[in-house]
Amino acid sequence: MEDYKELKLQASKYKISIKEFLVVRHPYAFEANGKIIAKYGGISDIISGVTQGKVKLGYGYPIEYWDSSKNRLSSEAWADFGSIGFMNDQEVIGMLNDIFPRFTQDAYKILKGLNT
């Protein structure tokens, strides 16, 4: 959530929405119609989760999905993190690190701890 708060703050500095901010910051990740490109769908899911379905980038779940379980966001974030890692696309990983630096750093620490 700290990463989301920072994202929201950055967008508000320019007086634009989170979606507009992401399109400006990561234009390569969006189609001309503003929908995020499929390979970035995991990032879209995480954005959907931290905003409880309010920010729609083209992939994600409705508000009711996020409300259906208190662990839904963490479960989905881990699933998307794993999927992005498995895909191993450096552009997608770079965007994830840029938007969610604390989450990715903490996730890598946890994974490293599992390997010891």
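The values are calculated or read from the model by the stated rules, or taken from the named source; none is laboratory data. All figures in this text were calculated on a predicted structure; none of them were measured in a lab. Backbone-built Cβ (ideal geometry, glycine too); neighbour counts: all protein chains shown.
In region 91-116, the residues that are surrounded by fewer than 18 Cβ atoms within 10 Å (Cβ to Cβ) form Cβ pairs under 7 Å with partners that are assigned to a helix (DSSP H, G or I) and not aromatic (Phe, Trp, Tyr), at six or more places apart or across chains, as follows: ILE93/ILE84; ASN97/THR104; PRO101/ASP3; ARG102/GLU2; ARG102/ASP3. Taking every residue in region 4-17 that is more than 11 Å from PHE100 (Cβ to Cβ) and of a type in the set (Val, Ile, Thr) and pairing it with any residue that is modelled with pLDDT of 95 or more and surrounded by fewer than 14 Cβ atoms within 10 Å (Cβ to Cβ), at least 6 positions away or on another chain, the pairs with Cβ-Cβ distances below 9 Å are ILE16/VAL24.
Scanning region 24-43 for residues that are crowded, with 16+ Cβ neighbours inside 10 Å, in contact with a Gly (Cβ under 8 Å, 6 or more places away or on another chain) and more than 19 Å from PHE103 (Cα to Cα) yields a single hit, ILE36. Looking only at residues of region 77-116 that are among the hydroxyl-bearing types (Ser, Thr, Tyr) and in a helix (DSSP H, G or I), we find that the one that is nearest to ASP45 (Cα to Cα) is SER83. Among the conditions (1) under 12 Å from the mean Cα position of the chain (by Cα); (2) touching a residue at least 40 places away in the same chain (Cβ under 8 Å); (3) within 20 Å of ILE93 (Cβ to Cβ), GLY49 misses just one, which is (2).
Within region 34-89, the set of residues being of a type in the set (S, T, N, Q) and in contact with a strand residue (DSSP E or B) (Cβ under 7 Å, 6 or more places away or on another chain) comprises just one member, SER44.
If you go through region 13-49 and keep only what is among the basic types (Lys, Arg) and in a helix (DSSP H, G or I), you end up with LYS13, LYS19, ARG25, LYS39.
Return the residues of region 63-72 that are assigned to a helix (DSSP H, G or I) and either buried (at least 17 other Cβ atoms within 10 Å of the Cβ) or polar (S, T, N, Q) (or both); say none if nothing qualifies.
The one that is assigned to a helix (DSSP H, G or I) and either buried (at least 17 other Cβ atoms within 10 Å of the Cβ) or polar (S, T, N, Q) (or both): TRP66.
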